[in-house]
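Working notes for the structure below.
The values are calculated or read from the model by the stated rules, or taken from the named source; none is laboratory data. This structure is a prediction, so every number in the text was calculated from the model and none was measured. As a convention, Cβ positions derive from the backbone with ideal geometry for all residues, glycine included, and neighbour counts pool all protein chains shown. Accessible surface areas use protein heavy atoms only, side chains included; no ligands, DNA or RNA. Shrake-Rupley method; radii C 1.70, N 1.55, O 1.52, S 1.80 Å.
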Amino acid sequence: MWTIQSEKRFYILSIALLVVIFIITLIQNVIRYSGHSSYSIWVSIVYLLVSVLLFIPFLILILRTQKEVKKHYAKWFWPMNLILASIALFVFYVFSNIVLHAFGYFDFFIDAEYARYYFGREALYHLLLIFGSALYVFSLKPKTQTIEVYKGRKKVTIGLDLVQWVEADGHYLNFYTDTDMFIKRERLSVLAKMLESDFIRIHRKFVVNKTQIKSKEKDKRDEYLILNSGKKLKIGQSFKPITW
């Protein structure tokens, strides 16, 4: 499963905090309004279930969105999180309005009194959780992908970040690192599809690690990629133009 253990702990901690907020707020409501003859504890329970605990699926979606933002727009991570937080709080406010309206709490889909209640307290808790998840995502180190290959007859697992390029050799693939060469029985087209986010196919025989590309040069009608190691690989005519 892709979800790593530390992410599970983050979700557990966040849910636990929301449950604590739910319990504390419920106790406060009981103390404050229990003297009113029309007060019902079940009203508070439903109200807080919607305004507090319903935020859990929103938080999961927000965290996944933050990961995508970090992956594609790392330079703008924090400014985009400010925008994301604003959108998330507004969308949740509208959504929780609709849910409470469905339970018969409000006469209209959007209740002005609920805005004062939600943005006066619960929104602050949710905002803190959003920026807590942003801090968690920001601190995550990229997960190193691995692949099983062979060194002679011995099966080993290597990090894909160590692979400089892959060359098709009959029914096998040769994986070249800075110091070694490994093999795997696989079609190059299948591997290229699997690794297309980090590797680029430049020839019917070559797939190259994008982080290993230093430059591109032209020699008459032929074009080559120059790797950081100095290795020169020819770009196939049908794979031009190459961008990475």
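Worth a mention:
- Residue in the range 126-137 that is within 19 Å of residue 69 (Cβ to Cβ), surrounded by 12 or more Cβ atoms within 10 Å (Cβ to Cβ), modelled with pLDDT of 90 or more and in contact with a Lys or Arg (Cβ under 7 Å, 6 or more places away or on another chain) present: yes
- So residue 66, is it of a type in the set (S, T, N, Q) and within 21 Å of residue 141 (Cβ to Cβ): yes
- Complete set of residues in the range 109-161 that are within 26 Å of residue 94 (Cα to Cα), within 27 Å of the chain's Cα centre (by Cα) and touching a residue at least 24 places away in the same chain (Cβ under 8 Å): 122, 123, 125, 126, 127, 129, 130, 131, 132, 133, 134
- For the range 186-200, filtered to residues that are among the charged types (D, E, K, R) and farther than 20 Å from residue 150 by Cβ, the residue that is least open to solvent (accessible area, probe 1.4 Å) is 198.
- Considering only residues in the range 81-117 that are of a type in the set (Ser, Thr, Tyr) and closer than 19 Å to residue 46 by Cβ, the one that is surrounded by the most Cβ atoms within 10 Å (Cβ to Cβ) turns out to be 96.
- Hits in the range 201-235 (condition: open to solvent by 60 Å² or more (accessible area, probe 1.4 Å) and either out of contact with any strand residue (DSSP E or B) (no Cβ under 6 Å at 6 or more places or on another chain) or of a type in the set (Asp, Glu) (or both)): 204, 211, 217, 218, 219, 220, 221, 229, 231
- Where strands (runs of 3 or more DSSP E) fall wholly inside the range 130-201, no range has 2 or more residues that are touching a Gly at 6+ places or on another chain (Cβ under 8 Å) and over 26 Å from residue 8 (Cα atoms).
- Taking the range 1-90 and the helices (runs of 4 or more DSSP H) fully enclosed by it, the elements with 3 or more residues that are free of Cβ contacts under 8 Å to residues at least 60 places away in the same chain and under 15 Å from residue 133 (Cα atoms) are at 5-33, 55-72.
- Conditions (1) of a type in the set (A, V, I, L, M, F, W, C); (2) within 25 Å of the chain's Cα centre (by Cα); (3) modelled with pLDDT of 95 or more: number failed by residue 173: (2)
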